[in-house]
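The values are calculated or read from the model by the stated rules, or taken from the named source; none is laboratory data. Note that the coordinates shown come from a computational prediction; the quantities given were computed from them, not determined experimentally. Cβ coordinates were reconstructed from backbone atoms using ideal geometry, including for glycine residues, and neighbour counts include every protein chain displayed.
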Amino acid sequence: LRVSWEQLLTTIARTINEVENQILTRDA
Amino acid sequence: MPVFHTKTIESILEPVAQQISHLVIMHEEGEVDGKAIPDLTVPVAAVQAAVSNLVRVGKETVQTTEDQLMKRDMPPAFIKVENSSSKLVQASQMLKADPYSVPARDYLIDGSRGILSGTSDLLLTFDEAEVRKIIRVCKGILEYLTVAEVVETMEDLITYTKNLGPGMTKMSKMIEERQQELTHQEHRQMLVNSMNTVKELLPVLISAIKIFVTTKSSRGGGTEEAERNRRFTFEKMSAEINEIIRVLQLTTWDEDAWA
């Protein structure tokens, strides 16, 4: 499996958005 | 590779954890030595924007939550994520000047690992708060079980049974949902077993109380034995609920440390 820095950074941004969604959902 | 103890946390963090591992291995094996790293300004800006949103939403949560442990545990995770994001920004600036920069590569790895670690801390903080909600329900049941000792009439017994039922149903539902969420098979099984025992013991306890009430009102002796029987069932149920509380607080890391 080849991973590029761009791919990793895109995954990181998506992960952070998912964590934010978790906070919003559980808070509500 | 880190092991995540809930399916939600695993589904969120596993992809990023895997990609970081691969990149670290590629760098450690020198596969990318001497190769230029492209301009990362755009994806780094996307990370920075996501981090700033996350921290804003997180800080609002810290302000509104009544959970004191969450108030305490979340801010260090924000700092970790923000510092890591700054490292990524620095790395992208260094790479603009020198696409072969070795320190920039180290910053990319450190920053990515820091974000993984910080987001993991945040998810764990939230998960622990969820666990505390379940534990509160379990402790409520534990407390109400002790009322069994003061049930002396059939009327009291009816009230007691009526009051205990909904709490038990709630606890059972929460434990069922939680065990489905766990990735650790042994912990899941322990919760299922203990909850099944509690459910099986509930009618036994009610029956033991009934025998105690009947024996006491008939004044024909045997009260002490009925009392012992009731106490035995109550203690067994309490022990199982305490076991549920213990298992709920376990993470995979505890198990590894123990092993």
Query - Selection count, segment B:125-141, where residues are modelled with pLDDT of 95 or more and more than 16 Å from B:Val247 (Cα to Cα) - result: 2
Query - segment B:179-226, subset within 40 Å of the chain's Cα centre (by Cα) and not in a helix (DSSP H, G or I), residue surrounded by the most Cβ atoms within 10 Å (Cβ to Cβ) - result: B:Leu182
Query raised in the report: Regarding B:Asn229, is this residue at pLDDT 95 or above, out of contact with any Pro (no Cβ under 9 Å at 6 or more places or on another chain), surrounded by fewer than 17 Cβ atoms within 10 Å (Cβ to Cβ) and of a type in the set (S, T, N, Q)?
Result: no
Query raised in the report: When you go through (1) farther than 18 Å from A:Asn17 by Cα; (2) in a helix (DSSP H, G or I); (3) without any contact (Cβ under 8 Å) to a residue 12 or more places away in the chain; (4) within 21 Å of the chain's Cα centre (by Cα) one by one for B:Met26, which number turns out not to apply?
Result: (4)
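Taking segment B:78-92 as the search range and keeping residues that are surrounded by 14 or more Cβ atoms within 10 Å (Cβ to Cβ), of a type outside the set (Phe, Trp, Tyr) and more than 10 Å from chain A (Cβ to nearest Cβ), which one is nearest to B:Ala45 (Cα to Cα)?
Filtering segment B:78-92 for residues surrounded by 14 or more Cβ atoms within 10 Å (Cβ to Cβ) gives B:78, B:80-92.
Filter once more, keeping what is of a type outside the set (Phe, Trp, Tyr): B:80-92.
Remaining after also requiring more than 10 Å from chain A (Cβ to nearest Cβ): B:80, B:82-83, B:86-87, B:89-90.
On the way: B:Lys80: 17, B:Glu82: 13, B:Asn83: 14, B:Ser86: 10, B:Lys87: 12, B:Val89: 8, B:Gln90: 11 Å.
The residue in question is B:Val89.
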Query raised in the report: Is it the case that segment B:51-69 has a residue that's within 18 Å of B:Gln93 (Cβ to Cβ) and either more than 7 Å from chain A (Cβ to nearest Cβ) or aliphatic (A, V, I, L, M) (or both)?
Result: yes
**Report entry** Meets criteria (among the acidic types (Asp, Glu) and closer than 30 Å to A:Gln22 by Cβ) for B:Glu186
**Finding:** yes
Requested in this report: Would you be able to tell me the number of residues in segment B:115-163 that are under 16 Å from the mean Cα position of the chain (by Cα) and within 14 Å of another protein chain (Cβ to nearest Cβ)?
Outcome: 16
